[in-house]
Amino acid sequence: MTDAARSSNALAAIELVQFFDRLAALPRTGWLLRGVVDPESIAEHSFGVCLVATLLIDDLRARGMTVDGERVLRMALVHDAAEAFTGDIPMPAKTEKLDAALEEAEGTLLANVLSPEQLALWAEAEAGKTLEARIVKAADKVQMLVKALIYEKQRRGRLDEFWTNTKNRRHMDLDFARELFTELERLAAIERAR
């Protein structure tokens, strides 16, 4: 590899890290809309998704399944990359039509920033069809409800609709995700009874 090519690769890597750094300054809109002061950023959420995804990977492997853990984590890192352009559009604002238009626009925008491999991982996560993508989708919702529980424990808001909306318990046919949602609901009920 030539010096110019190495420099070009280094510059591209720095630009990618700077692009993802935008997510650290963008709050999760759903929390803001419900009055949570100083909510987590999109970057913090993505970290949490990666953590939950590792737990789901470990559980699936313990059950004898083969999972490409590196693929899951790479997918989890890019799953919300488009929000660096669009911000965090909360679920209640999304319609099927808006989702389709948004996904198309996000794909176009991300094609200018992500490598073809990263773009393919983002698209796979959006589609949610492979086992690895299903892990990311489930981890995304588990992390969100864990955060809702934390905010309620900290008395930073009553987040009733997060618990009543069945779309927030998207287990993606993963047994451990189902177990996590059941336990989160139990813990939330205890917290809410206080």
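The values are calculated or read from the model by the stated rules, or taken from the named source; none is laboratory data. Because the structure is a prediction, the values reported are computed rather than measured. No Cβ is skipped: glycine too gets one built from the backbone with ideal geometry, and neighbour counts run over all protein chains shown.
Here are some notes:
Each row is one residue, and each column tells you yes or no for (1) among the aliphatic types (A, V, I, L, M); (2) under 28 Å from Val37 (Cβ atoms); (3) surrounded by fewer than 20 Cβ atoms within 10 Å (Cβ to Cβ).
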residue	(1), (2), (3)
Glu117	no, no, yes
Lys129	no, no, yes
Lys167	no, yes, yes
Glu179	no, no, yes
Ala188	yes, yes, yes
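- A Cβ distance below 6 Å, combined with a sequence gap of six or more or placement on separate chains, defines the contacts here; from region 34-47, residues that are free of Cβ contacts under 8 Å to residues at least 12 places away in the same chain reach no residue that is in a loop (DSSP other than H, G, I, E, B).
- Enumeration of residues in region 68-106 that are without any contact (Cβ under 8 Å) to a residue 60 or more places away in the chain, part of a loop (DSSP other than H, G, I, E, B) and within 28 Å of Leu16 (Cβ to Cβ): Asp80, Ala82, Lys94
- Scanning region 23-46 finds one or more residues that are in contact with a Phe, Trp or Tyr (Cβ under 9 Å, 6 or more places away or on another chain), of a type in the set (A, V, I, L, M, F, W, C), in a loop (DSSP other than H, G, I, E, B) and buried (at least 17 other Cβ atoms within 10 Å of the Cβ).
- Which listed residue is out of contact with any His (no Cβ under 6 Å at 6 or more places or on another chain) and farther than 20 Å from Val49 by Cα, from Thr182, Thr164, Thr130: Thr164
- Residue in region 85-96 that is within 21 Å of Ala139 (Cα to Cα), under 17 Å from the mean Cα position of the chain (by Cα) and of a type in the set (Asp, Glu) present: yes
- Checking Met65 against (1) over 28 Å from Thr166 (Cβ atoms); (2) modelled with pLDDT of 95 or more; (3) not in a helix (DSSP H, G or I), the condition it does not meet: (1)
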